[in-house]
Amino acid sequence: MSIAEIFATMSYGTAPESTAEARDWIAARDGRFGHFIDGGFTAPGDAFETVNPATGEVLATLTQATAGDVDAAVAAARAAQPAWEGLGGAGRARYLYALARLLQKHARLFAVLETMDNGKPIRESRDIDVPLAQRHFYYHAGMAQLMETELPGRRAVGVCGQIVPWNFPLLMLAWKIAPALAMGNTVVLKPAEWTSLTALLFADICQQASLPKGVVNIVTGDGAVGEMIVGAKVDKIAFTGSTEVGRRIRETTAGTGKRLTLELGGKSPYIVFEDADLDSAVEGLVDAIWFNQGQVCCAGSRLIVQESVADDFHARLKARMDKLRIGDPLDKSIDVGAMVAPEQLTRVAAMVDGCAGGLIHRAASPLPGTGCFYPPTLIEGLEPADPLMQEEIFGPVLVSTTFRTKAEAVQLANNTRYGLAATVWSENVNLALDIAPRLAAGVVWVNATNLFDAAAGFGGVRESGFGREGGWEGLSAYTRPAVEPAPLKVPAAGKTVAELSPGIDRTPKLYIGGKQARPDSGYVRAVHGAGGALLGHVGMGSRKDVRNAVEAAHAASGWASMSGHQRAQVLYYMAENLGARAGDFAGLLDAASGRGDGVSEVEATLDRLFTAAAWADKFDGRIAGVPLKGVALATRVPVGVLGILCPEEAPLLWMVTALASAMAMGNRVVLAACEGAPLVATEFYQVLDTSDVPGGVANILTGAQADLAPVMAAHLDVDAVWSFSAADLSGVVERASAGNLKRTWVNHGLATDWTDRDLRPFLEEATEVRTVWIPYGE
Amino acid sequence: MKMESATGAGAVPAHSEPRNPGMALDMGWVRSAQANTPAIERRAATLPGRRSVKKDHQAAWLLKAVTCIDLTTLSGDDTPGRVRRLCAKARAPVRIDLLDAMGMGPITVGAVCVYHDMIAPAVQALDGSGIPVAAVSTGFPAGLSPFHLRVAEIGESVAAGAAEIDIVISRRHVLTGDWQALYDEVRTFRAACGEAHLKAILATGELGSLRNVAKASLVAMMAGADFIKTSTGKESVNATLPVTLVMLRAIRAYHAATGFRVGYKPAGGISKAKDALVYLSMIKEELGDDWLSPHLFRFGASSLLGDIERQLEHHVTGAYSAAWRHPMG
């Protein structure tokens, strides 16, 4: 085209980024890659190809890891770990800083290689992926530097197995490796088989940084290699990927004692109120669902727009879609690149083709003739009952529906199994800040979308997984208490007698919704004291009692919205009423244990109640130091409804420690009393009854924990289960929790130090960190 | 889209597009106008990275930018001689050897923009070129002289031969939320313009917020503005990309609602060829190709042309250029 012709048509032309350096880098390795184990690259083995999805060109051949490769990588990481941790935070900070600098120095190479391998537009890899990866290493260099002073009593978990997806290959690697290394862990990381090249380039810069051998190990291959890592002798698994695979990992690791964090799928709502800046909200959608071809776990993929502006908004949206430029990802003027692989293209196309309802609008822009390209698509007018409103599409496909009121907007937004992110657009600060905390999501963006930073925690609730990446809260996944717990002592059964001591019979029932309720089973079991004396009977709780208790707990959701001050008042009142009956409880404890320490246990329990009350209005969030004009609020929100299995040791102290901590943070609790001294729990009904505890906030069941635990853990409306049972229930709970991917906190047969007055471990388990991003400026 | 001849462009091209007649003041629409500053700033900040125009395309785009320049002199020491020199540059803004090398016929700038007293020498100097003379008016730049004098000034400038009148609005009407007064003012100015086109200068740097820019843009268009323009060049903050985005979106909304296309003129602070490319791509993205033409888009700029000339010579020769190699205006 001549200049005169271009002058007349004002077309953009092409602006291709050169691939020469990236090709040189591959060629220098003969286009064949082994694994990076113990500081060196292994010889290429059984190979598979990695392909540029925009062109179909084979970029390189990679090695499918064998069990031996994974074992070697884990062994190298294990061997390297003590010295790496022993180096100290300041020593590790130097290495992390070097990695950040090297990422920066080779930024363009990383960006081009990422785009060639993944198909994402060069603008995104250049302006988003690579800078955020650098930022993660800088940020965590700082965390390493500060570890000893700011995280006293914490140490590295050990060897971490890390499995990252193909949508942000380098960035997800950074999110996994930077915090792990900062805290003194060593890693075995597997990149996705479609997109391993930038991980191998990262291995290259680990060598350039003279990172000690074995600290970072990278093995390539498909899901089978991921399974080998999950099954290997590692201390922790960190996985980002599909909910389906995450659930399998949860089941596989159940009962092994391996720590687990999962960052899974999403179907994130994008709510537009009538008073929003509609044009900006439309532009936000471009960043929400047409960023990275919609292959983003937190993509704003469900548009929920107020009826009063819906037609206008959709018209603007379609006009904007038609302006999107789709094509060669290496072109600097391309908005939408290639999907990662033909399989994904086929899958997305099939999902859209199978959609019966709604009006489909596809961006008018022409598609390249070959390559994995799918047009930006809007499916308008779907209802929650349509499958595509519920299922994650993981492609450039937006679905939309409308709402009438703010309450309906929240209902629609939360009508999902997922809970990763949410976006709210409104120019009314009252409205936006009212809605934000009511959304079931780990991240909420107000008048913006897809904002990320190392200083702000990222992660989900519900089936979007658990754990946070980024911020102080992200470090807990990579540290553990420095004190090693002792094995749990399981009480031995003694001989028993069958006669009740004389007196008025008291037969406690279950405590559900603030009232005593007969067990559904209609059975009771005998409770014996230490000397074998029959102390009384308690109800045998069963499935339906769990069901009723969970329903009662949900009905008491008002507890979560009470202020910390109000909750503290209730906890103090519980202490008052327990104190008034201290003698009764001490007697019950002594009868159960045969020891004479009941008085001191009651005293310690009162202290815990005071501590929990003290924390109720003090377990503050923080303002994350993100590079933005605005605030990113890391808020502590209650997990929801907790199932708690009590231990046999210190029956009153433990029960109240767990209950009060959970209550202080706004949770409702379904508690399975310990089996040895359940009368302590049933006696506690009266404390709850007299202390203004709203019905349903604290529910107490008695019976066999082995029966109650799987029901609680499998219950899809329970948000977390804590098990400190003396019975071996950790594996049962973790396995059954996979159903809704609820959070679990289990003892793995290890004892807890009940003399520790620090409630923070409980408070952390009782809360989720939700990051609310609020850019501002007028 | 509208296709322009590559040769002989320069004068406001004859186009079938009707002038914006304006409409009744729609206060519901004005009140509902929103502008979220952080989101607008984010869009403005990322656009340059989303669109990159290179090589021949860049040269063509820069030539387009030249044809959209209102070559401007607004100084107290302007003289007929100074204006004649500017007008000569307006007729031949890019060296003919460079145009030849690029296979382009002659081009001119979009207009010459002067104060009232310089209209006559400008009209004379541009005689036969087809280049319109634009006059700043209505007590430019503050717009605080007596209202009847401001209206009369338009009439005199039109009589003197100005084809375009760049009026300034009373900022106080925006700052006090008196949209009716703003509407009436611009409506009166428009009537005084007659056949001359009215460019409404909003002085966005003095309006306090992007929300006010959005509202003032709508009111000016409702009152019949042919163009809305950011600034006089005399405010401390002049044309910016966020302000541009807000005004372009208002133009788009007005077009969607009425079918009339209103032009846009950023003025002040655009001095680099690279910036001009970003403005053009923002127009293309937000409004479409129809607006990439001097009858709907102008740069109010005095030093931009010099930078574009140097970039064009670099495009032709491959060597970086020097200012003194290009005739001054």
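The values are calculated or read from the model by the stated rules, or taken from the named source; none is laboratory data. Because the structure is a prediction, the values reported are computed rather than measured. Here Cβ is always computed from backbone atoms with ideal geometry, including for glycine, and neighbour counts include all displayed protein chains. Keep in mind that these areas ignore ligands, DNA and RNA; they rest on the heavy atoms of the full protein, side chains included. Shrake-Rupley method; radii C 1.70, N 1.55, O 1.52, S 1.80 Å.
Some values worked out for this structure:
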read-out	value
Radius of gyration and maximum dimension Dmax of the range A:620-772, Cα, Å	16.3, 57
Prolate/oblate/rounded call for the range B:224-292, Cα gyration tensor, a/c under 1.5 rounded	oblate
Extended-chain gain in nm, criterion 0.36 nm per residue less alpha-carbon gap, A:ASP30 and A:ALA482	158.1 nm
³J(HN,Hα) computed for each position of the range A:445-458 - Karplus, 6.51 cos²θ - 1.76 cosθ + 1.60, integer Hz, glycine/proline x	10, 9, 6, 5, 7, 6, 8, 9, 6, 4, 7, 10, x, 10
Chain pair B, A: total accessible area buried, heavy atoms, 1.4 Å probe, Å²	3800 Å²
Inter-chain shielding of A:772-778 (mean C-beta neighbours from other protein chains, 10 Å cut-off)	4
Under the Karplus curve 6.51 cos²θ - 1.76 cosθ + 1.60, θ = phi - 60°, whole-Hz ³J(HN,Hα) for the range A:604-613, x wherever Gly or Pro sits	5, 5, 4, 4, 5, 4, 5, 5, 4, 4
Isotropically averaged projected area of the range A:259-361, using the convex hull of Cα atoms (one quarter of hull area), nm²	9.1 nm²
Kirkwood hydrodynamic radius of the range A:235-276, from inverse mean 1/r over distinct Cα pairs, in Å	12.2 Å
Projected area averaged over orientations for the range A:510-598, convex hull of C-alpha atoms, nm²	7.4 nm²
Structure-based [θ]222 nm, the protein assembly as shown - -39500 (n - 2.57) summed over DSSP H runs of at least 4, per residue, nearest 500	-12500 deg cm²/dmol
Alpha-carbon spread of the range A:1-60, three principal axes, descending order, Å	59, 20, 16
Per-pair calculated FRET efficiency, R0 = 22 Å: A:ASP692 and A:ILE504 via Cβ, rounded to 0.05	0.20
Ratio of the Cα radius of gyration of the range A:413-567 to 2.2 N^0.38 Å, where N counts its residues	1.62
Anisotropy class of the range B:30-98 from Cα gyration tensor, a/c 1.5 cut	oblate
With Cα atoms, 0 to 90° folded angle of helix B:147-159 axis to chain B main axis	40 degrees
Computed lengthening from A:ASP127 to A:SER308, 0.36 nm per intervening residue step minus Cα-Cα distance	61.5 nm
Cα pair distances exceeding 22 angstrom across the range A:62-198, given as percent	41 percent
Length-normalised contact order for chain A - Cα pairs under 8 Å, 6+ apart - percent	12 percent
Karplus-derived HN-Hα couplings along the range A:634-645 (A = 6.51, B = -1.76, C = 1.60, θ = phi - 60°), whole Hz, x at Gly and Pro	8, 9, 9, 10, x, 5, x, 9, 10, x, 10, 9
Anisotropy class of the range A:286-330 from Cα gyration tensor, a/c 1.5 cut	oblate
Amide H within-cut-off set for A:ALA47, under 5 Å, with H built and near neighbours excluded	A:GLN64
Peptide-level mean, for A:278-287, of C-beta atoms on other protein chains within 10 Å	6
Set A:LYS332/B:LYS284; A:LYS176/A:LYS489; A:LYS120/A:LYS258; A:LYS489/A:LYS509 screened for pairs whose C-alpha atoms are more than 25 Å apart	A:LYS176/A:LYS489; A:LYS120/A:LYS258; A:LYS489/A:LYS509
Per residue accessible area in Å² of the range B:197-329, where ligands, DNA and RNA are left out and the probe is 1.4 Å	29 Å²
FRET efficiency estimate (nearest 0.05) - Cβ-Cβ, B:ASP184 to A:SER365, R0 45 angstrom	0.55
Amide H within-cut-off set for A:LEU671, under 5 Å, with H built and near neighbours excluded	A:ILE644, A:ASN699, A:ILE700, A:LEU701
Debye intensity ratio in log₁₀ form over the Cα atoms of the protein assembly as shown, taken at each q of 0.05, 0.09 Å⁻¹	-0.41, -1.06
Cysteines (scope chain A) whose Cβ has no counterpart Cys Cβ under 4.7 Å	A:CYS160, A:CYS206, A:CYS297, A:CYS298, A:CYS355, A:CYS372
Accessible area per residue in Å² at 1.4 Å probe, computed on chain A	35 Å²
Projected-area mean, the range A:606-703, by convex hull of Cα positions, square nanometres	7.5 nm²
Rg/Rg_ref, the range A:314-473, where Rg_ref = 2.2 N^0.38 Å and atoms are Cα	1.14
Dimensions in Å of the range A:355-394 - Rg and Dmax from alpha carbons	12.3, 35
Accessible surface of the protein assembly as shown [probe 1.4 Å, protein heavy atoms]: carbon and sulfur percent	54 percent
Test item: B:279-290 mean partner chain Cβ contacts at 10 Å	2
Cα-based convex hull volume of the range A:490-538 per residue, rounded to whole Å³	119 Å³
Long-range amide H partners of B:ALA301 with built H, under 5 Å	B:ASP70, B:THR72
Partner lysines for B:LYS272 [C-alpha distance under 16 Å; skip if fewer than 8 residues away on the same chain]	B:LYS54, B:LYS64
Label-point separation, A:GLU778 to B:ALA159 (7 Å along Cα→Cβ), nm	4.6 nm
